[in-house]
């Protein structure tokens, strides 16, 4: 099954504290046991005052057993996975394909869910027909903005928020991506501001985000991201929220998550934990046996994330926490050739049953 390159190519950046603890047990591990016996099950969407979202793909909505039912029961916000990316929409020969995005948008309508679109501009998903224009800045810009305008117009009545720019900051340096980003190379470093202005003009009612990863584990990246957000705000460009992806693992330190959220709150913008998943096998060991201990550690960290978010983020700035996938067996960590390994990153098993992580999330709602 095709998966989002954005989700699949990344791997994990772990802070030095977390990396040093590999093999020693997760940070802050506790003895509390998370299960149906200790936590009363109920829909996630009714458990919290903020929205609980999930990433979906149209093939799974249409054909994966239990998938649509779990989305309907537990989530009140959906994010598009790979199908709203430039490479999926902008086909060769000038043809645009909105089939998958339409299915997701119509599903959100049918479920009365908030639709969050991901992502308009991302350096990893520049299609060939746009790359071929890189030698001509005017033509490259025109095609880029034509795509943005078309997407915003098509889903204006359905999408309430957008990741306008995804992952603009380099790892470790905190600088704007240049060598790996045609948008920076061709449009210039102010492309983020231009994209936000263009998106706002296309749909003045939409909430606009800049999304980034590893903010909890890469201090230089967090600093650079905050500098970018400050510059955008000073420019007057419309920006409503910050997205912190939070692809973490069972060795991640909750104190790092708390610190990064505190820094994001200082922007005054809405804060979206936008792509939460928790690997139990971040080093991609093979063979690897997933034990109940791994799953309980994962449940504890899920609990911590859902508990820390409302503690740190003021109510007016709480946007949502989005889980990046529904069931383990179709998650990008298990199916992409580069990252493929045995893992269990999200809340539900292949048979639709809830894992300890699900009960860890619910336990955060009850204190």
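A few notes on this one:
- Residues in segment 310-337 that are surrounded by fewer than 23 Cβ atoms within 10 Å (Cβ to Cβ) and part of a helix (DSSP H, G or I): 310, 311, 312, 315, 316, 317, 328, 329, 330, 334, 335.
- For segment 135-157, a residue qualifies if it is closer than 16 Å to residue 101 by Cβ and surrounded by fewer than 16 Cβ atoms within 10 Å (Cβ to Cβ), and the qualifying residues are 149, 150, 153, 156, 157.
- Residue, farthest from residue 258 (Cα to Cα), within segment 186-233, restricted to residues that are part of a strand (DSSP E or B) and in contact with a helix residue (DSSP H, G or I) (Cβ under 8 Å, 6 or more places away or on another chain): 208
- Matching residues in segment 340-356 - criterion: being touching a strand residue (DSSP E or B) at 6+ places or on another chain (Cβ under 7 Å) and outside any loop (DSSP other than H, G, I, E, B): 348, 354
- Considering the conditions (1) in contact with a helix residue (DSSP H, G or I) (Cβ under 6 Å, 6 or more places away or on another chain); (2) surrounded by 17 or more Cβ atoms within 10 Å (Cβ to Cβ); (3) assigned to a loop (DSSP other than H, G, I, E, B), residue 130 is excluded by exactly one of them, (3).
- Considering 216, 223, 197, the condition of being touching a strand residue (DSSP E or B) at 6+ places or on another chain (Cβ under 8 Å) and over 22 Å from residue 113 (Cβ atoms) is satisfied by 216 alone.
- Tally of residues being under 23 Å from the mean Cα position of the chain (by Cα), assigned to a loop (DSSP other than H, G, I, E, B) and within 14 Å of residue 186 (Cβ to Cβ) across segment 133-167: 0
- Restricting segment 66-83 to residues that are touching a helix residue (DSSP H, G or I) at 6+ places or on another chain (Cβ under 6 Å) and assigned to a helix (DSSP H, G or I), the residue that is surrounded by the most Cβ atoms within 10 Å (Cβ to Cβ): 74
- Test: residue 86 is farther than 28 Å from residue 51 by Cβ and crowded, with 17+ Cβ neighbours inside 10 Å: no
- Of all residues in segment 257-302, those satisfying the criterion of being closer than 30 Å to residue 37 by Cα and part of a loop (DSSP other than H, G, I, E, B) are 280, 281, 282, 288, 289, 290, 291.
- Some residue of segment 168-180 being over 19 Å from residue 89 (Cα atoms), touching a residue at least 60 places away in the same chain (Cβ under 8 Å) and outside any helix (DSSP H, G or I): yes
- So residue 115, is it touching a residue at least 40 places away in the same chain (Cβ under 8 Å), closer than 16 Å to residue 239 by Cβ, crowded, with 19+ Cβ neighbours inside 10 Å and under 21 Å from the mean Cα position of the chain (by Cα): no
- Checking each residue in segment 234-256 for being over 16 Å from residue 221 (Cα atoms) and part of a helix (DSSP H, G or I) picks out 234, 235, 254, 255.
- Filtered residues of segment 84-103 (kept if in a loop (DSSP other than H, G, I, E, B) and out of contact with any strand residue (DSSP E or B) (no Cβ under 9 Å at 6 or more places or on another chain)): 91, 95, 98
- Test result for residue 238, more than 22 Å from residue 324 (Cα to Cα) and either free of Cβ contacts under 8 Å to residues at least 40 places away in the same chain or surrounded by fewer than 16 Cβ atoms within 10 Å (Cβ to Cβ) (or both): no
No value in this document is a laboratory result; all are computed from the given coordinates. What you are looking at is a predicted structure, and each value in this text was computed from that prediction instead of being measured. Cβ sites come from the backbone with ideal geometry, for glycine too, and all protein chains shown count toward neighbours.
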